[in-house]
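> Would you mind keeping the following structure in view while I ask a few things?
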Amino acid sequence: MQILSSIIFIALTVVGFGFFAINAKKIYRNIMLGQAVDRTDRSSERWKNMLLVAFGQKKMFARPIPALLHFAIYAAFMITQIELIEIFIDGIFGTHRIFKEPLGGLYTFIISLIEIVSVGALIATIFFLSRRNLLKLPRLNMKEMIGWPKKDANLILMMELILVICIFTMNGTDEVLYNMGKSHFEGQGSFNFTISQFIGPAVFGSMSEGTLHVLERIGWWGHFMMVLSFLNYLYYSKHLHILLAFPNTYFANLNPLGQFDNLQAVTNEVKLMMDPNADPFAAPAPDENAAPAKFGASDVMDLNRVQLLNAYSCTECGRCTSSCPANITGKQLSPRNIMMKTRDRLEEVGKNIDLNKGTFVEDGKSLLNDYITPEELWACTSCNACVEECPIEISPLSIIMDMRRYLVMEQSAAPMELNTMMTNIENNGAPWQYSQLDRLNWKDEN
Ligand code: SF4
Ligand code: SF4
């Protein structure tokens with residue numbers, strides 16, 4: 001029986017991690033569809049940024065109460081991994097709480113710590129479920145959150161609830177079994193886990209030994225299965241940020257927010273025009289078969305890899321949208337939705353590649369127009385509030401700017417006001433419809 005249990009455990013582990021590896025490879029492949037961008041400079045600053053923002057959750061603490069509750073879930077997620085090591089060893093070798101004897105009091109301390117953070121996670125989960133479904137916090141109930149995004153958020157919170165229940169069922173029944181002298185640990189010291197020593201007898205104290213053993217196993221297997229399910233669910237969920245927040249903050253743009261990068265192709269052209277000694281034929285002859293360079297982005301493959309990583313990392317928290325002046329004043333634009341649509345399109349392109357044996361087959365669609373409309377793009381004031389607010393340093397603005405560049409430079413499709421201004425700059429060297437020489441005329445007016 002024990003051998004069968006170990007075989008099932010190993011098979012589930014291999015399948016669970018195997019599926020996760022396949023999906024992780026797809027995410028990596030999809031991100032690499034983007035344009036290369038060099039973010040390997042200032043490595044010590046990048047490590048510091050990652051430790052503070054992703055690991056330390058620095059930006060979350062701008063709103064202390066949700067930050068503390070989020071931290072409780074995050075801490076529980078991190079600390080529970082210690083117990084998982086034991087679960088994997090016990091599952092494979094058929095042992096029971098293998099670290100109990102060698103670690104002694106330290107073991108009780110670690111499991112007690114897990115129990116305490118699990119209670120914190122339980123409170124936080126109930127709070128987040130209520131905030132989303134009962135209090136209906138506006139930023140969590142906007143139109144882009146209807147349907148799957150809302151289900152996704154609720155589902156993951158329910159999984160967290162089940163996980164915590166499994167942990168206390170496992171520990172609580174074990175406490176009672178030990179007290180009865182029927183535990184797998186008979187004679188090897190007491191558990192006395194901080195919380196289970198009370199709730200174990202209170203909830204399970206009147207049950208028979210057989211029932212307790214069954215419940216203990218349900219808690220143990222439930223814990224293990226929830227972890228595997230969670231791992232594989234990540235690929236389909238906004239909760240990928242649990243893993244991707246780390247590279248996302250490492251590769252974040254460290255330049256001042258108002259600093260925009262120039263398109264290299266345009267920079268080269270301008271330099272050539274401004275340099276009277278430049279030899280326009282000095283550059284290597286372009287490959288005749290190569291596609292002409294594209295200015296800006298109309299589809300996900302035109303965005304850079306960090307922008308695509310941003311799309312997968314977005315937590316859909318809506319902090320960006322709730323601080324976006326365009327959204328607040330009723331415009332179509334929602335920076336969160338920009339990230340969600342970018343991810344949707346990237347997923348669509350990825351599925352296309354999977355279906356066509358590794359090659360993308362033109363599907364007549366693009367991120368621009370099919371997912372994100374020019375109206376949304378032109379509603380942006382480029383204020384950077386969304387970037388400032390984002391807890392994991394995502395920049396919806398950089399995607400908006402690259403798509404605007406495409407509209408202006410490839411399609412000449414800027415709004416009329418902007419076209420007039422650019423024509424004025426071209427003709428008059430100023431955004432207004434009069435010559436620069438007339439700029440001080442106002443002082444002669446009475
Ligand atoms: S930069 Fe654009 S998208 Fe971001 S908050 Fe400002 S207006 Fe909204
Ligand atoms: S871009 Fe950042 S702030 Fe906006 S929804 Fe995603 S994670 Fe939240």
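The values are calculated or read from the model by the stated rules, or taken from the named source; none is laboratory data. All figures in this text were calculated on a predicted structure; none of them were measured in a lab. Here the Cβ is made from the backbone with ideal geometry for all residues, glycine too, and neighbour counts use every protein chain on show.
Here's the yes/no breakdown for (1) in contact (Cβ under 8 Å) with a residue 12 or more places away in the chain; (2) closer than 30 Å to residue 372 by Cβ; (3) surrounded by fewer than 22 Cβ atoms within 10 Å (Cβ to Cβ):
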site	(1), (2), (3)
118	yes, no, no
124	yes, no, no
129	yes, no, yes
149	yes, yes, yes
152	yes, yes, yes
157	yes, yes, yes
174	yes, no, no
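> Here is a further query. For segment 302-336, give me each residue that is polar (S, T, N, Q), more than 10 Å from ligand 1 (Cβ to nearest atom) and buried (at least 24 other Cβ atoms within 10 Å of the Cβ).
307, 310, 313, listed by residue number.
> While we're on this one: Given the options 385, 413, 379, name the one that is over 30 Å from residue 55 (Cβ atoms) and either within 14 Å of ligand 2 (Cβ to nearest atom) or more than 32 Å from the chain's Cα centre (by Cα) (or both).
Criteria check complete, one pass: 413.
> Hey, any hits in segment 100-107 for a residue that's more than 19 Å from residue 68 (Cα to Cα) and aliphatic (A, V, I, L, M)?
Taking every residue of segment 100-107 in turn, at least one turns out to be more than 19 Å from residue 68 (Cα to Cα) and aliphatic (A, V, I, L, M).
> What's the number of the condition residue 352 fails, among (1) of a type outside the set (Asp, Glu); (2) assigned to a loop (DSSP other than H, G, I, E, B); (3) surrounded by 13 or more Cβ atoms within 10 Å (Cβ to Cβ); (4) more than 10 Å from ligand 1 (Cβ to nearest atom)?
So residue 352 meets the others, but not (2).
> Here are some conditions: (1) without any contact (Cβ under 8 Å) to a residue 60 or more places away in the chain; (2) out of contact with any Phe, Trp or Tyr (no Cβ under 8 Å at 6 or more places or on another chain). Residue 345 meets all but one. Which one does it not meet?
It is condition (2) that residue 345 fails.
> Can you pull out every residue in segment 27-43 that is surrounded by fewer than 16 Cβ atoms within 10 Å (Cβ to Cβ) and either closer than 30 Å to residue 95 by Cα or at pLDDT 95 or above (or both)?
28, 29, 32
> Yes or no: residue 206 in contact with a helix residue (DSSP H, G or I) (Cβ under 7 Å, 6 or more places away or on another chain) and modelled with pLDDT under 90?
no
> Also, I was wondering about something else. Give me the pairs: first residue in segment 62-84 and among the hydroxyl-bearing types (Ser, Thr, Tyr), second residue in a helix (DSSP H, G or I) and at pLDDT 85 or above, beta-carbon distance under 6 Å, and six or more apart or on different chains, which are they?
Once the first residue is among the hydroxyl-bearing types (Ser, Thr, Tyr) and sits in segment 62-84, its partners that are in a helix (DSSP H, G or I) and at pLDDT 85 or above give 80/114.
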